[in-house]
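See structure below.
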Amino acid sequence: QPKCPAAFPPQEHNIETPHGVLHVTLHGTRTTRRPAILTFHDVGLDNKSCFSPLFKFEEMQEIVKNFTLIHVDAPGQEEGAAPYPASYQYPSMDAIAEMIPSVLQFFNFRTVIGVGVGVGAYVLSKFAMANPDSVEGLVLVNIDPDARGWIDWAAQKLSSVTSSLTEQIMSHLFSQEELSSNSDLVQSHRERISKASNLVNIELLWKTYNSRRDLNIDRSSSFKCPVMLVVGDQAPYEEAAVECNSKMDPTTTSFLKMADAGGLPQLTQPAKLTEAFKYFIQGMGYMASSCMTRLSRSRTTSLSSSYSMEGSRSRSRTLSQGSQGGQMPPSPSQTMEVSC
């Protein structure tokens, strides 16, 4: 796996915000001519366990060398974080979203492209709604925009009696198929979470996420930037992501539903996600087509084999359509969902 260039080793920072300190890792040249790519992880993960395989993936290096990466850890979730005392009042999901502007100010970035998974997708959606001028694009993996209904709440109460915190989080991160197959990936995450020195902090984030409010997505006003929704077709949040897509503006939304993918497609399908992300960035007018020749050549063959187009029941645009600028391959006239 490629390492960071020696000239730009990752920089770790603890950044003061109005709601407490955030641990943030910056990779790259810190050039502010382009937006930074800002990531936010899911519960039970930190920036490394959630995003390292994706951003170290060989094909992703084309993107990484063109952008600064800012990985944000939710409060108390970074590797080796000290457990919070029993009296600690953990910030709400809204408050966590309100911490992100401090990160942009600290690094002097005016805009970002957000990449969030699960809890991180919710936080970055909140941030983008409150700060539309700061977000040029959003990639939301496993988004669940709704508050928990009372039936979900009752089920959660029951499962907290019958299953451990680790198992609750595992069934949030992985599909039932993945949990029953008990792959190396599943085993390593179960062990890492159950033995985490900051497990009490993980529980605080989990409880906060489960008391989240509705995002209240409205097609005409919620997001001012292009959005790519990503979910595995067997993922725990597949239905939630489909419902979210139905509420979004179809002219600025791409929906990538990955076939045979479970809960964490950025770990299990980095090649497909990287390709989709490249087209998304190109559609925003970044990374001219000269960088993309190999990808474009391979696309003509891969489209027939790995993408199935489902036009009739879907309303979002294909990944091949740009929102503005960017030299995109010709796109079909009708809008479609892309499954791959």
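The values are calculated or read from the model by the stated rules, or taken from the named source; none is laboratory data. Since we're looking at a predicted model, the values are computed, not measured. Cβ sites come from the backbone with ideal geometry, for glycine too, and all protein chains shown count toward neighbours. Just so you know, the surface numbers come from the protein's heavy atoms only, side chains and all, with ligands and any DNA or RNA stripped out. Shrake-Rupley method; radii C 1.70, N 1.55, O 1.52, S 1.80 Å.
Stokes-Einstein diffusion for region 17-96 at 37 °C, viscosity 0.692 mPa s, with a Kirkwood radius from C-alpha pairs, works out to 233 µm²/s. Model label sites at Gln89 and Gln11, defined 7 Å from Cα along the beta-carbon direction, differ in position by 3.4 nm. Where does the charge balance sit around Ser164 when Lys and Arg score +1, Asp and Glu -1, over other residues with C-beta under 11 Å from its C-beta? Neighbourhood net charge equals -1. According to the Kirkwood relation over distinct C-alpha pairs, the hydrodynamic radius of region 50-135 is 14.6 Å. A convex hull fitted to the Cα coordinates of region 157-276 yields 136 cubic angstrom per residue. Over region 161-200, the fraction of Cα-Cα pairs per 10 Å bin, rounded to whole percents and listed from the shortest bin up, is 30, 57, 13.
Sorting Lys257, Lys56 on solvent-accessible area from highest to lowest, probe radius 1.4 Å, gives Lys56, Lys257.
Of the three principal axes defined by the Cα atoms of region 206-255, the extents in descending order read 34, 25, 14 Å. Accessible surface for Thr31 stands near 40 Å², nearest 10, in the context of the full protein assembly shown (1.4 Å probe). Sorted largest first, the principal axis extents computed over the alpha-carbon atoms of region 101-149 equal 39, 16, 16 Å. Rolling a 1.4 Å probe across all protein chains gives Cys244 an accessible area of roughly 0 Å².
Under 5 Å between amide hydrogens, built in the peptide plane, is the criterion, and for Val139 it picks out Gly114, Val115, Gly116, Met228 among residues at least 5 positions away or on other chains. For the residue pairs Lys65/Lys272; Lys56/Lys257; Lys56/Lys272, alpha carbon separations beyond 21 Å are given by Lys56/Lys257.
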